1. Taking the criterion of being out of contact with any strand residue (DSSP E or B) (no Cβ under 9 Å at 6 or more places or on another chain) and over 23 Å from residue 209 (Cβ atoms), would at least one residue in the range 90-103 satisfy it?
2. For residue 291, state whether it is touching a Leu at 6+ places or on another chain (Cβ under 8 Å), farther than 30 Å from residue 172 by Cα, at pLDDT 95 or above and not polar (S, T, N, Q).
3. Is it the case that some residue within the range 309-322 is of a type in the set (Phe, Trp, Tyr) and open to solvent by 60 Å² or more (accessible area, probe 1.4 Å)?
4. Could we say that residue 153 is closer than 30 Å to residue 308 by Cβ, part of a loop (DSSP other than H, G, I, E, B) and either touching a strand residue (DSSP E or B) at 6+ places or on another chain (Cβ under 6 Å) or among the polar types (S, T, N, Q) (or both) here?
5. Is it the case that the range 97-107 has a residue that's touching a residue at least 12 places away in the same chain (Cβ under 8 Å), crowded, with 20+ Cβ neighbours inside 10 Å, of a type in the set (A, V, I, L, M) and part of a strand (DSSP E or B)?
6. Looking at 143, 210, 185, can you tell me which residue is over 25 Å from residue 319 (Cα atoms) and either polar (S, T, N, Q) or crowded, with 20+ Cβ neighbours inside 10 Å (or both)?
7. Kindly indicate the residue of the range 8-56 that is closer than 27 Å to residue 295 by Cβ and hydrophobic (A, V, I, L, M, F, W, C) and also surrounded by the fewest Cβ atoms within 10 Å (Cβ to Cβ) among those meeting that condition.
8. Can we say residue 78 is surrounded by fewer than 24 Cβ atoms within 10 Å (Cβ to Cβ), modelled with pLDDT of 95 or more and either in a strand (DSSP E or B) or not acidic (Asp, Glu) (or both)?
Amino acid sequence: MLLSTMSAILRATKLPTSGPYPTLDPFLFCVYHSDDYPADESGGKMETTFPGNGSDFNPHAPYRMYHGHHIPGFPQHPHRGFETITATMEGLIDHADSVGNAGRYGEGDVQWMTAGGGVVHGEMFPLVHSDRPNSLRLFQIWLNLPAVSKMVQPSFAMFWNSDVPVYKTDDEKASVTVWAGDYFLEENVTQNSPPPDSWASDPSNDVAVLHITVQPGGSIVIPKANSTADINRSVYLIEGHESNVKVDGKVINEKVCLTMDATKDVPIELDQGAKEEVQFLLLQGKPINEPVAQHGPFVMNTQAEIRDAFMDYQRTQFGGWPWPKDDMVFPQDKGR
């Protein structure tokens, strides 16, 4: 749906019931995971009662197993040519990879991984808690790399929740969690640095990833982009769509992706009588403007490079998998 050229909203696209959200260059992929996993009833194995079929993405179930069989999640799989940003809000993830990194994170932590020339990793969602549900909410976001950086060495950045900037309005009825970008940073607050080869590491690319929450009676203004270059900006309404929130004066009452004019400020207002808060994800950045060739977990510039990626993976396994299980998880009592 196209909107008036006077509005900051250029287009509104209804979000799919399941699967990836639409994205604009430099982003490739965005999925919102919201799963109500039960308490662990497996005696400490951190497994679900009913096994998965290896490809469970049912949007109508209370939770999904994804590619996991006994523990939900994504067992070892390769990537090349882009970056993953895993931004958590609730729940825990067990990560392991071919470089030897491993650990547990979540509850507001952010992991940023530059796959570069090739890495294998697994992301599992063990049922750590036996005394309460294991609810999980996170975003999995893919940020492209330009051709010059697609074959760099893999690198990682871990932002623990205590180091992730959070801005609150004076009345505390609106907040912004700043996963990436130079926005809503209060005085003396330093933003976390992306991996060195990231498209986001150059401030002129104006990459931002924001989680915005507005309570009933609250309001906030998303400022126009910092850069004067052409910037792609998408705003996703992910929760609270029945609250009739106003975005740039327009009532939004369904889960949508709003393509925005990044040269304009965007006011968001929620009536005091709304029954629940609203939540948005903002993705923005300068487009890379290069050809995109993608096949599954590999993203390059040409189909020949995709074929090379498959052959390289078959030959080298991108360094091999040093862990005893494809769906590697850690002891139940391990902390973050």
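The values are calculated or read from the model by the stated rules, or taken from the named source; none is laboratory data. Every value quoted in this text rests on a predicted model; they were computed, and no experiment measured them. We place every Cβ from the backbone using ideal geometry, glycine too, and count neighbours over all the protein chains shown. These area figures cover heavy atoms from the full protein model, side chains too; ligands, DNA and RNA do not enter into them. Shrake-Rupley method; radii C 1.70, N 1.55, O 1.52, S 1.80 Å.
1. Yes, because at least one residue in the range 90-103 is out of contact with any strand residue (DSSP E or B) (no Cβ under 9 Å at 6 or more places or on another chain) and over 23 Å from residue 209 (Cβ atoms).
2. Here the answer is no, as residue 291 does not meet what is asked.
3. Yes, the range 309-322 contains at least one residue that is of a type in the set (Phe, Trp, Tyr) and open to solvent by 60 Å² or more (accessible area, probe 1.4 Å).
4. Yes: the conditions hold for residue 153.
5. Scanning the range 97-107, I find no residue that is touching a residue at least 12 places away in the same chain (Cβ under 8 Å), crowded, with 20+ Cβ neighbours inside 10 Å, of a type in the set (A, V, I, L, M) and part of a strand (DSSP E or B), so the answer is no.
6. On inspection, the qualifying residue turns out to be 210.
7. For the range 8-56, the residue satisfying everything is 31.
8. On the way: surrounded by fewer than 24 Cβ atoms within 10 Å (Cβ to Cβ): yes; modelled with pLDDT of 95 or more: yes; either in a strand (DSSP E or B) or not acidic (Asp, Glu) (or both): yes.
Judged against the criteria, residue 78 is a match.
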